[in-house]
Structures are given as structure tokens and as C-alpha cells.
1. Only residues in region A:331-346 that are within 11 Å of chain B (Cβ to nearest Cβ) count as the first member; pair them with residues that are surrounded by fewer than 23 Cβ atoms within 10 Å (Cβ to Cβ) and basic (Lys, Arg), Cβ under 7 angstrom, at least 6 apart or cross-chain, and list the lot.
2. Please go through region B:236-280 and pick out each residue that is assigned to a helix (DSSP H, G or I) and buried (at least 24 other Cβ atoms within 10 Å of the Cβ).
3. (1) without any contact (Cβ under 8 Å) to a residue 24 or more places away in the chain; (2) touching a Phe, Trp or Tyr at 6+ places or on another chain (Cβ under 9 Å); (3) among the charged types (D, E, K, R): which one isn't true of A:ARG186, the others all being true?
4. Here is a list: A:VAL136, A:VAL82, A:VAL132. Which entry is surrounded by fewer than 24 Cβ atoms within 10 Å (Cβ to Cβ) and within 23 Å of A:GLY188 (Cα to Cα)?
5. Before we move on, is A:TRP282 aromatic (Phe, Trp, Tyr) and away from chain B (no Cβ under 14 Å)?
6. Condition (residue is closer than 17 Å to A:CYS419 by Cβ and more than 11 Å from chain B (Cβ to nearest Cβ)) applied to region A:373-380: is it met by at least one residue?
Amino acid sequence: MPDTLTPVLTSDWAEDQSWKLATYERGGGYRALRKALAMAPDDIITAVKDSGLRGRGGAGFPTGMKWGFIPQDNPKPKYLVVNADESEPGTCKDIPLMMATPHTLVEGAIISSFAIRANTAFIYVRGEVVHVIRRVQAAVAEAYAAGHLGKDIHGSGYDLDVVVHAGAGAYICGEETALLEGLEGRRGQPRLRPPFPAVAGLYASPTVINNVESIASVPSIIGNGADWFASMGTEKSKGFGIFSLSGHVAKPGQYEAPLGITLRTLIELAGGMRQGHELKFWTPGGSSTPILTGEHLDVPLDFEAVGAAGSMLGTRALQIFDDTTCVVRAVLRWTEFYKHESCGKCTPCREGTWWLVQTLTNLEKGVGREEDLDILLDQCDNILGRAFCALGDGATSPISSSIQYFRNEYLQHLSEGGCPFDPVASTLFAVEGVR
Amino acid sequence: MTTSEISKTDLVTLTIDGVQVSVPAGTLIIRAAEQVGVQIPRFCDHPLLDPVGACRQCLVDVPDAGNGRPMPKPQASCTIPVAEGMVVNTQATSEVADKAQQGIMEFLLINHPLDCPVCDKGGECPLQNQAMSNGRGESRFAGSGGVKRTFPKPINISAQVLLDRERCVLCARCTRFSEQIAGDPFIAMVERGALQQVGIYEKEPFESYFAGNTIQICPVGALTSADYRFRSRPFDLVSTPSVAEHDACGAAIRVDHRRGQVMRRLSGNDPEVNEEWITDKDRFAFGYLRTDDRLSYPQIREDGELRPASWPEAFAVAARGLASAGSVGVLPGGRLTAEDAYAYSTFARVALGTNDVDFRSRPLSQEEADFLAAEVVLRQGATYADLEAATSVLLVGLEPEEEAGTIFLRLRKANRGRRTRVWSVAPFTSNGLRKTGGTLIAAKPGAEADVVAGLAHRTDIELDSASVILVGERMATSPGTLTAVARLARTSGAKLAWVPRRAGDRGALEAGCLPTLLPGGRPVTDPTARVDAATAWGVAGLPDQPGRDADAIVAAAASGALGGLVVGGVDPDDTADPAAFRAALEAAHFVVALEQRETDVTRVADVVFPVAPVTDKPGTFVTWEGRPREFDAVFVNPHALPDARVLAGIAEELGRPLGFRTSAEAHARMVEMGPWDGDRATLPDAPTVASTPGESDGLVSLATWKLMLDNGSMQDGEKYLRATARTPVCRVSLTTARALGAMVTLEGDRGSITLPVEVTDDLADDVVWVPANSTGHGVLADLASPGSGVRLKGADQ
């Protein structure tokens, strides 16, 4: 089904030296910028509002509305901050995008900054991916050299500087206010809200923080029109998005499609499940979204339908696990991640993840009683909605959802005194029948 | 519009646990709940710190946020301001809130050592108390074999403050206090997750004069003081409210004692004065009460040696000696309660018939006495509230962080909260000035008068009726400065206050321990004022000429013009000329000393009376604002008497009784005499004395003031506190430093001292600054008089 895919952001990924400015411009790059510079900034905001673009970083907040919150009568400078701190387990869309076509992001950042009247934009890139940081830096340098950035861009009288900032290795800095703390040179810990970043964000000035994919979608909206964008997707989740399939599928990778596509279709596009195995469970949007199972194969992957199914669309990071996977083990790995990444600011996340790991470790080893599952659920209940930011909530998602769907598998660990699965069998390098 | 209408419109009405309550707009839910009698458990919340919402202990259910919509999940009540029509259900009425709080408490305890039986905080611990009120009895974590996070314990974060990381609940009160209140962000959270901990930067020690407050606001036993650690249990202590005696700020303190010994001191809570903060000196410096050299019985000199004597004998010998000495001068010192000062003032006039009395036990001037009589006595020039509300504050010759810690904190609060502008007439920008967001108005020692006079013509410095001018006692010896300051206050309309260093200075001024002033601001030269005072004292008349000031008393004793001296708590090394003071003690025929401890004065005195320290007597300190701060005795101690009782005893032997014996009686008589309602003295146009910075001959002028923690005798016996004092340095300009090297020797007319050099950017090349009492016997004894010229020499090995 080739027409199911809608490659926009990913259309040029296969080009030779796709990351170069020349390649990008040959494909029509930076035309949207010239169009945008001739528009009134408010008209750009209106166009993005009309397109129905919702934040691609997970929460799905309408992007144009976010821009509209910037108080333009505030005398302080305005800032655009691009959240490129992609660190969620399973999420792998922004980093390939920045590797393949960084100019899509740069052009989007320029148009977005122009719209919100920012003269400085920051791209906060996850610190571990040095190669990506270099590539974005090179793209920004190319853009400066070509006059897309700097003073009086293309004679419009508009000035913009873009700063590429490298993070220092903390998942919490993907949380927007912790990211701002990090940008300002402090420890990455989330800030108390209000004030919201739109009012007092970076350096206490009005700030828009958007995900890479959101910003990268802006040039296509300006270039092709809001209606074009809104013609894709579903009623409330418009446009296209990158769906990142990983795990036990034949062809893992990035599949750009309109929102509302189903996992069944995506798995077909990805060549089906690993041969000889069946889908057991999957995450719709990274490890912070509650897991789903085979019964959800036909759920339209948009914000509403996934929410109705008891999970969240998140970052469309579809981690696919087949029947060789021990759900307890998978959940424990994720929980260890959250324990390691908890910033320590609030009690439930800091102490809760410390305890969850211990309980899950015991359960995986088959130590404990059935009541421990209830204690585990109660711990999750005491973290969910009680923590300072969403990190704590995310830590509980895999646990609560896995117990919901696979309670018996947990109990099986207890009754068999250990894990009933062969951990090697679930690995991608496992060959059938060989140990 | 009436006041009640205004306040009504500022009120917000909400419902908490079914009870309607109206609170001022902006009130946080957690404090509004207190108004209906509900205590929501909390750790990170502190009313004087910015909200942080970190511990999540105070979660409540908000079924209506005031807009008709419920908040979807429990909310931290310490971060949300009330809204009109809001409905809040706390743990008292909401199962959701109660479960949320119990859940947080359970989490807080999983990594807590639960070592209450050996913890200093046990018995007064918010964690312990709230675990009882809002937690479960049994640990599900321990029940499931959970493994706690452990750390080696404890670690020093300063010489005085110790950190036990296992007990810490990471509420960040200590780090927020240090950053927000004290402005000393030397501690911060480091690491992450459950390994997060309070840390210090290796190369920057936790150097703060207010560090002890972090111990007091720690809601668990994570922070303890080296001084108090393992010393006692809170339930063994008796607490008595009191007032700090180390500066003129009048900070409210709580003295915790056991079996006649002070075990620790805490900050009291007085929103009008020190809020909930005190300096480390006020908190930790009480070891002088139990030093080995405390005097515990009267002594009289016989054949050149002091021998113990009974009180009646000592009174009789003192009276006889003073009577036969001829004229007597009285030097009460600046550390007295107002009642004791009143006793000295009365003793001089009634028992000795002299105006030769002066509380100023440090460099002074006639201009200062005139200034005090005209501009300070009886006046409440400014208050802490005025500082906080001020648009601008001008400091002249005052370094609040070192000399008046409570003022420093209030200035910082004003600058942080209301952007109050602070200016300081001083030789360089101190760290304390930086922390109050202040700007330097550079002035060389002795040249302050010209600088202050010039301020009226500067457009960038706006002083008006919403401004405050604070002038320090050091300006006494800067000719013309006090006069210039008074003039500036008059022309600008700014409030004016004089800030002395010692707790008793202002009270002694009010009580008339000046050669020109009788109690209640009555000018000696005013016949009606004299009659008024004489009537109150029940004497026929009073000497009608102003007496000698302290310097003149010293000179007169040395020359033989004065035969006797009555000396209170005066340290010779604090006086304008320590050598001259010692010579006067030697020369005087008869010296009566009233002291707490053995000193250079008691060693040469003819009669020595042990007098009661602040813990052993009731009294009143008067703050720099003019605010009386009464306190009660903590102990009943028979070994020493208040100064007033001693002076009364001598006076009775002289046949001229004071009319009171106890502190309470002295207080009553002082109140009875009351303030003078006649004409007050006016400030003469001071003769402009040419300033004398020694720019010639390669001399540089000496700037100096005392650091908060130094060699002061009231910090004796506190090794941990002393260890947190700033390292003494000699401040010079970059140009001077280049010529000198790393060590410098200063040579003055009284001796020399050697100190490491610290370059100070905005210090003039011909000015040098050293701490006044951090080396040897102090600058006055060992080097030169402040403002005089000294010579600098490189002293590298």
C-alpha cells in the first residue's frame, strides 16, 4: 500500500548528502521561508492554528495556540526553544530527522521565530548524540552563510540567531521547564508552574518550546497551505507524523503516515512480525505510554483513539514485542531507566522509582506474594498524579498497564519461582532453535 | 473609601473542608487552611521561602478551582494561591487527599534511617510528628525486604554545620534559605534521584554568617551543629524567650537550657524584627557564659593583691574608696541593659555628683555626642518595616552584614522583593553590599562628610520620604559626617537612624550615659531639664556643666584630675587609645570594676564586682530603631548581681541611695522619669575639619571595621563558631598589590601587623582595609587609629 505513506519530512532522506543545504534547496527547501517572510507574523500563527498541527513531542498541545499565548506587548525579548532532547526509550524520530535533513528543522525554526517575533532561537540537542549536534551545527552554519540566518534575513529587516546547545545527559531535560533550567546553566530540574514558559520561560522571558518534528512540519504548512496539512489525518489529529517501529518486526524503521493509521497497517508496511512469532504487546508512544496488546491492532493511531484505548499517542514510538518477550522483564528494564533518570526533586518519583525497581526485581526472580502486585499497583497509584512533573507518571504507565493485561504472567513468575521465559529468545540476534 | 472597604476587596473567600474562610488574595491554600484550624503536613514549605512544591506532602483535593471545574489530580497546597469560590478538601475530609499524603509519607520513610532514638531532632522533628499524624504505623517497604539507600555519616558542610545525608528528605529548605535569604549559595543539591544530596563546592566552603538557620529550619535531623550535636534531648530542655546581646538589632531568640546551663539558642519568631532568622553569632556565641575566667564573688585589693570579699564589705570598700578619690569618672560600656545603664547614669549624677559618664567605649567625638542628643535620642528614626518598604536606603559608614546582621537580611529581602535600591558610602564594594544589590559611593576614610554633602547634587541618587539613611557608629570619628548626614536627611525628607554595634548603646543613650544628656534625652545644659531630673531623683540639684566624655575621662584620670574610675564592661582594646586607657587605669587612685569575667580592668581594679550576664537578669535592650526589647532572666544565679544592684549597694554606702535596687525597680523609675518633653538639643554647625588622609610621605589611610566573627571576647569558648570566621586579609587596590606581593606589613604609629593581601577592585590606591579585631589585640592597639595614615611594605618570605 504505497499510498498509505505520506513522506513529507522523510521524503528526501534517501537523497545523496541529504543533509546539505544544496540538496535541501534543490528539493524546494527554504522556499517556504521566503514566502513566510513576506507574510505578517500573525498570519503565520493563524496558518499554523488552521492547520490543526498538534505538538509532536508527546502531549499533543495545539502548536498555533501555544504561539498565540506569547504576550506580544511584553517588552522582554521572545525566544523559540526547540526541544531536541529526544531520550524516551523507544522514541527515535527527531534524531534521524536531524541527521538526514537538519535544514527542515532550521527552516522551521526561522519561520516559527519570525511568527512569534523571536530574534534568538535555541536548539537543545540531547548531549549523547554528538554526531547529530555536529550535523545541526553544520546546517546552522550553512544557513548563516546562505543568508537564511543573521541580520536582515533576505532583506526582510528580520534578524535571527540560532544557538545549538548540547545537553549534558539527563532525560529530565526533555521536560520543557527542566530544559530551560539547563539552558540557563543550572541543574536540570523542572520549574514550578505558573508562570508558564509562554509568559516567563527562558531568562524569565516569553518562550515557545516545541518539539523538533513540530517545528520541522511548519515549512510544509507554510509552503503547501494549512488546508493541505489539515486534509490529512483525522478530525482532531490532523496532518502526518513519523511512526517509529522498533523491535520484533521484519523491517523496523521510520514510517511517515497520516495520523489515524493503525498498527495493523504499519506492521504490514514493516513486513509483518518477526517470522514465526505473534504480537504480544506494544507501546504506542514510548515507554511512558501504557502498553497495548494485539486487541488494539486496529485502534487508529491518533490522540483521541489511543487515549480512548487507555494509553497515549505520545511520540508514536511503536515498540513491538512478540511472544518471546517476558513482560515483567521488559517493564523492569523501563523502570530501572526511570529510577536512573528521576531528577530527585519530588518525593514520589525519587523514592517511588527506588522502591518500584526493588519490588519488580523480586517479582522477576519469583520472590514475593500475590499481594505484592497490589502493593505495586498502590505504589503506582501514589506516584501517578502526585509527582512534580510527568516523569513520575510515565514511570507508572508500563507497570499498571502490564499488570492490567498480563497479571497471570506476573503470577506465573511467583508460582514457577522465576522467569518462565528464555531471555535470549527475545533478542534480535536469536536464531530459531539455537542457544 | 474606608480602610475596611479596602481590606474587604482584597479578601478572597473559599471553602476548606466545608468551612468558609476569607483570606487575603495571594494566600497559599496551605496557609488558608491554617485559618480554619487544619494543619496540612509539609516539609519543603516555609512561609519565608519561595514555594517550590518539591516534597509533595501537602497534597489536597480541589474539587472546584474557583472556576467551577475540578483539578484533575491532588494539588500541592503550598504552591497554589486561593481563588474566589475555590473548594478545597484536605486530609480531614477527603480520602483522596489523605491517601495521597499517606503515600508520600511512606515514600519519604523508605530511605530514611528511622534512627529517631539517636537523632538530635527526635522529639521536635516534623518528620517524626507528621509520620505519626499522617503516616501508616507499619512499613510495607521494610515488610517486603526493601533495601535503603545509605551514606557514610555525617559530613561537615562547614566547621559548625554537619550533614547526615541519610536523614535528609531533600526538601531544599537549607539550600533555598542560603540562596534566597542569606545570599550565600554555597550549598546546593547535587546528584539525582534518590542519590540527590546537599553538597558543597570543594573550593568554596559554606561561609555564611547565617548558616545556623539552616539547622533550625531543617524539618528532619539531617543538619546538626557541631556545637549541639548529641548534647541533649529537646524534651529535657526548658525554653525561655530572650533577646540577642551581640548587636544592636534586638533579634528575638529562644534560650534552651538544662540544669542551669544554656544548651543551645534558637531564633525566635518576630516578624517585626528578625522574622525567623538570627546570625550565627547570636545562635552559637554563648560559650563566654561558661568560660573559666567568669567572676563569681566580689574581690577587694589588699596589699596589692585581690582577695575574696563579701558583698557588704565590697560595697563599703568601694564607697569609701570612691569617696576619698575625689572626682570620679564613670565608664559603663555599651553592653548594658537600659536598666543597668539607667543605674550608671543615676549613680554618676546622684551618688557621685558628676556628669563624667560616657557609655562610648570606642573611638568617639564631640560631634557624635551633639548628633546623638539632637537627632537620635527619643526618636524612632526608622524601623525594619521602613527598610523593607523603602524605595532606597543609603548606608553611611555601616557594613550591615558584619555589624548588624538582621539589618542585612532585611535589606536583602527589600532588594529582592521590592527592588529597593541600596547605596553605601564606604571605601569599597563589600560582598555584603553586593548581596543587597547595592551600589558603592566610594569614600576614603575621613572624607565621608564631603561625599555625603555632595549627594544632594547627584541626580542618580534619589532620596525622599520613602528613603532611609542608616549611619554607623564608626562615623563618629569622620569629621563632619554626622552633621552632613543629618543635613541630608533634613533636606531630602529621608528617615534617619543611627546604628551602633553594641546591644546596650542605644539604651545607654536613652538612659543618659552621656556627659551632655540626662535620662530621657534631658540636656544637661537646660536648667528646666535638670530640675525635672533632680525632682525625679529626689535630689536638690544636679551638676550644671556637661561632663567629660570617655576620652577626656581617660585623659583626666591619667593626669590625676580624676582620682577614681567606675568601669563597666569596657575592653581597653576597644577604646580610642588602648595604651592611654591602660595608663589611666594605672594612674587612677581608685578603680571599681563591674565585670562578668576577668579582664585587664579587673586585674588592676581595687574592687571587683561580678555582674550578671544577660541570662541571669531581666532587662531591656533598645534596638538601633529605638524599639525596647524586654526580656526575662533565664537563670537565678546567686554568684553575680546586675550592675544596677551593685551600684545601688555602693550608693547606699555612700549615703546617697539611687532609689532602686532591682532591675525591675530601676525599670519602674526609668519609666516614671520618662522622656523629656521640652526643647531638645540642636545640632551645631560642625566646624569643617580638614580631612587628613596621609597621602603625603607614602602613607595610605586606614579603613577598618569589625567582622561579625572575630576575636571578640563574647565569642570565647566557641571553637566551631570561630572556625567559620572569615580569614583575615588586608584589602588593597590592584596597583598596590602589584607593588607589594602576597603578604603585606602595615606600620602605624602604634605598631605593625602582617596579613595576606586580597585585591579589591574598587578600593582607592591610597586606602587600605584590615579587619579591626581579627588579629592580635586588634587594630587600635596594634596598628593605628582608623582613618590615620599607615605605611605598607611587602612581607613575602
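1. Note: pairs meeting the criteria are A:SER342/B:ARG192; A:CYS343/B:ARG192; A:GLY344/B:ARG192.
2. B:ASP280
3. Answer for A:ARG186: the failing condition is (2).
4. Being surrounded by fewer than 24 Cβ atoms within 10 Å (Cβ to Cβ) and within 23 Å of A:GLY188 (Cα to Cα) holds for just one of A:VAL136, A:VAL82, A:VAL132, which is A:VAL132.
5. yes
6. Within region A:373-380, one or more residues are closer than 17 Å to A:CYS419 by Cβ and more than 11 Å from chain B (Cβ to nearest Cβ).
Conditions (1) hydrophobic (A, V, I, L, M, F, W, C); (2) free of Cβ contacts under 8 Å to residues at least 40 places away in the same chain, marked per residue:
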| position | (1), (2) |
| --- | --- |
| A:LEU9 | yes, no |
| A:ASP12 | no, no |
| A:TRP19 | yes, no |
| A:ARG34 | no, no |
| A:ASP43 | no, yes |
| A:VAL48 | yes, no |
| A:GLY52 | no, no |
| A:PHE61 | yes, yes |
| A:MET65 | yes, yes |
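Okay, residues lined up against (1) among the charged types (D, E, K, R); (2) within 24 Å of B:CYS168 (Cβ to Cβ):
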position: B:THR15; (1), (2): no, no
position: B:GLY18; (1), (2): no, no
position: B:ALA25; (1), (2): no, no
position: B:ARG42; (1), (2): yes, yes
position: B:CYS55; (1), (2): no, yes
position: B:PHE107; (1), (2): no, yes
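The values are calculated or read from the model by the stated rules, or taken from the named source; none is laboratory data. Owing to the predicted nature of the structure, the values given are computational and were not obtained by experimental measurement. Using ideal geometry, Cβ is built from the backbone for each residue, glycine included, and neighbour counts are taken over all protein chains shown.
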